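Some notes on the structure that comes next.
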Amino acid sequence: MFYINGFHDPYYGMGRGPHKDNDIGQMMYYNGHSDYIMDCADGDVNGDRIPDSVCTVGNRPGDLQSPFVENIAILIQDGKTHKYTRIPLKENMGYNPTVFLGDFTKDHIDDIFVSIDSGGSGGFSYDYVYSFVDNIPRLPFDSEEASQELKYQVNYRDFYKVEVICDTLKKKYIIDISDKGSEYLSEIYNPDGTLKTQIDTPFLGEVIPLGNVYPVDYQRDGIYDLNLIQRVIGKYNADTLAVVETILEWNGAEFVPTTQRLSIFGSEF
């Protein structure tokens, strides 16, 4: 039986799905659990050609007006049997847990894409793609694992250049930082443009772990790829030099990189 705010809803379990638009943010009770509904979407995720309802749910530990959510999980109501399946998430605390349904694994069945804002200064999110074919949860994509697989080097070079190397994909990019301003550059470079000698540590930047992941249907064929966004930083976290975008596509067994590009920000003149 399904309840919202303590009252039985007779429409739940009758094919409409476990939500209405005005149910978002409401308390729900199901299978011995109590959670708040955070976001919902409808689509066939188990492959029986009957639309199911998928929600992100969680608990609000403090002020109900706070956007912070913990114990975030995926809740699926089978459109045929009306039974519920709850899938806990590895990183289950954060803000604005959203759900999007689309075919990422090329089987013509909706997969479940969940994104949770971390709320930290880095501005990154926790992102997952779940498959639920035959009512069996599988995790073909975890943004933390994807981030660990992409290895980078960021090195300052003579004459106001920064070299970004993706060791994983054997790609190299050069960023011109000559417009960063004299105060910034004078800490790193001699007047002739050569790097100052560092006795203890060299001047290094960093490609931070995945900032955000976006589902994109590049071919407009109903199949979604994953667009991974990472910031390239210089001397400190707020010193953003560029953004690396890596496109992942399903190859039948796993998500693999197909394209990578580096974008820089324009300067004022």
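The values are calculated or read from the model by the stated rules, or taken from the named source; none is laboratory data. These numbers were taken from a predicted model, which means no experiment stands behind them. Don't worry about glycine lacking a Cβ; one is built from the backbone with ideal geometry, like all the others, and counts go over all protein chains shown. The area values use the complete protein model at the heavy-atom level, side chains included, leaving out ligands, DNA and RNA. Shrake-Rupley method; radii C 1.70, N 1.55, O 1.52, S 1.80 Å.
A few remarks follow.
- Within segment 232-268, the set of residues being open to solvent by 30 Å² or more (accessible area, probe 1.4 Å), closer than 17 Å to K161 by Cα and part of a strand (DSSP E or B) comprises T240, L262, S263.
- Filtering P215, P202 for residues that are in a strand (DSSP E or B) and either touching a Phe, Trp or Tyr at 6+ places or on another chain (Cβ under 9 Å) or at pLDDT below 95 (or both) leaves a single hit, P215.
- If you filter segment 62-88 down to residues that are in a strand (DSSP E or B) and charged (D, E, K, R), you find that the one that is nearest to the chain's Cα centre (by Cα) is E70.
- You will find that of G222, G205, the residue that is exposed (fewer than 15 other Cβ atoms within 10 Å of the Cβ) and small (G, A, S) is G222 and no other.
Residue-by-condition table, conditions (1) in contact (Cβ under 8 Å) with a residue 60 or more places away in the chain; (2) of a type in the set (S, T, Y); (3) closer than 30 Å to G119 by Cα:
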residue	(1), (2), (3)
I188	no, no, no
P209	yes, no, yes
E245	no, no, yes
A253	no, no, no
F265	no, no, yes
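- Residues in segment 39-61 that are part of a strand (DSSP E or B) and open to solvent by less than 50 Å² (accessible area, probe 1.4 Å): D39, C40, A41, G43, D52, S53, V54, C55, T56, V57, G58, N59.
- Residue match in segment 94-104 (condition: of a type outside the set (D, E), at pLDDT 95 or above and assigned to a loop (DSSP other than H, G, I, E, B)): yes
- Scanning segment 94-114 for residues that are surrounded by fewer than 17 Cβ atoms within 10 Å (Cβ to Cβ) and not β-branched (V, I, T) yields Y95, N96, K106, D107, H108.
- Subset of segment 123-138 that is touching a residue at least 24 places away in the same chain (Cβ under 8 Å) and over 13 Å from the mean Cα position of the chain (by Cα) - its residue that is surrounded by the fewest Cβ atoms within 10 Å (Cβ to Cβ): D134
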